[in-house]
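Structure, as structure tokens:
The values are calculated or read from the model by the stated rules, or taken from the named source; none is laboratory data. All values derive from a computational prediction rather than experimental measurement. For neighbour counting, all protein chains shown are included, and Cβ atoms are generated from backbone atoms with ideal geometry for every residue, glycine included.
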Amino acid sequence: MDIETRLAPLSDAFVANAIRNAVAINESCLDGYTAEFKYSHSRNGFYPKSGNTEWTTGFWTGQLWLCYSLTGDERFRRAALVQVDSFLERIEKKIDVEHHDMGFLYSPSCVAAYKHTGSETGRKAALLAADNLISRFHEKGQFIQAWGSLENRNEYRLIVDCLLNLPLLYWASGTTGDGKYSDIAGRHFNTALSCVLRPDGSTYHTYYFDPQTGAPLRGVTAQGNRDGSPWARGQAWAVYGSALGYSKTGSSLALSVFHKTLDFFLSHLPDDIIPYWDFDFTNPSTEPRDSSALAIVICGMMEAGDAIGGEEGRKLHELALRLLARLYEECAVKDASISNGLLLHGTYARKSEYNTCRNRGVDECNIWGDYYYLEALARVKGKWEAYW
Ligand code: GLY
């Protein structure tokens, strides 16, 4: 059956409820999570506190900006600006920034701060982060190295997630007038899409290159079930990343990758629509879900829908809204006594026979799932300031 006919439309009352719940939960977190951040994932439904480390803290600051945008409540703005200071300190002192996740960290926190308030601290921090990101570009292979030291030959690879780090570079070129950032973004984008996409529209998580020649070598998973499997969140990064690539550059390659990766994602959803953590699994299965993958894809569909426009864009939007309604029904936190996150049933990492992960945040909220769910709601209300 066509996916659209399996999904109910999204009503205005539903959106109002979803936003009311989400804002109330985040408001109740302001006292505990302003000087500190929410950790990457919840434990038994509740987020431990964390300093500004890991790749995930920007998603909490980003939620504060989204709440500010949705409500105009100054308390969210003030809390977000406290955290922007912490992001400047982090990049100036180079605390846990030897990796590519500058966009995940600095777009929803510091670019957002600059867009909402003209914060020069936010602009400065985001530009330093963009400089850090382009310093990881390898001419040999034409890609941005994902993790670790640039001298480490065992880390000579890109990962699909990086597509979401590239908008920081497009923003940096826009705000400075210096094309070096967008030039590197474009080159990485073309390399990544030429190697991670498989013929069936699924994607490799990571891809290795030969450090001597720059030749593409092989696709390998880090967080998926196995090397050749479609890790659900990696697929979601490919969908939203190619949508952003298309909206930033108008590239026909980006548009075609968007359609292929989205078709794969939608056609592999289980009956109740909430994806398992890897598309190796389908119903019936006792494997955990990753609700965050669906939240990411919904935002990607909205981004592409706006960029494509016309009847095709409208249809993408309509389907995204129906998916959002299902995501709310199945996964949104409606009772703050069970969780201080927004979206249940996420999976950060799942150990399998073939990968090197340990179980982490399995069937919990994760901070990016909460963030993209709220971004989708802000988009529905026309309150989206394009942090990416
Ligand atoms: N970008 C890391 C992850 O999706 O887990």
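For segment 97-105, check the following and say yes or no: at least one residue is away from the ligand (no atom under 16 Å from the Cβ), without any contact (Cβ under 8 Å) to a residue 60 or more places away in the chain and either surrounded by 18 or more Cβ atoms within 10 Å (Cβ to Cβ) or assigned to a helix (DSSP H, G or I) (or both).
No, the conditions are met nowhere in segment 97-105.
For a quick check of your reading: which strands (runs of 3 or more DSSP E) sit entirely within segment 145-228 and have at least 1 residues that are away from the ligand (no atom under 16 Å from the Cβ)?
206-209, 216-220
Look at Glu385 and say whether it is part of a helix (DSSP H, G or I), at pLDDT 95 or above and surrounded by fewer than 16 Cβ atoms within 10 Å (Cβ to Cβ).
no
In segment 53-65, what residues are crowded, with 20+ Cβ neighbours inside 10 Å and either away from the ligand (no atom under 14 Å from the Cβ) or β-branched (Val, Ile, Thr) (or both)?
Scanning segment 53-65 gives Thr56, Thr57, Trp60, Thr61, Gly62, Gln63, Leu64, Trp65.
I need a count of the residues in segment 121-161 that are more than 20 Å from Asn52 (Cα to Cα) and either among the acidic types (Asp, Glu) or touching a residue at least 60 places away in the same chain (Cβ under 8 Å) (or both).
Qualifying residue count, segment 121-161: 12.
Can you name the residue in segment 284-307 that is within 22 Å of Tyr348 (Cβ to Cβ) and surrounded by fewer than 24 Cβ atoms within 10 Å (Cβ to Cβ) and, of all such residues, is nearest to the ligand (Cβ to nearest atom)?
Pro288
From the list Ser194, Ser182, which residue is over 30 Å from Arg322 (Cα atoms) and exposed (fewer than 15 other Cβ atoms within 10 Å of the Cβ)?
Checking each option against the conditions leaves just Ser194.
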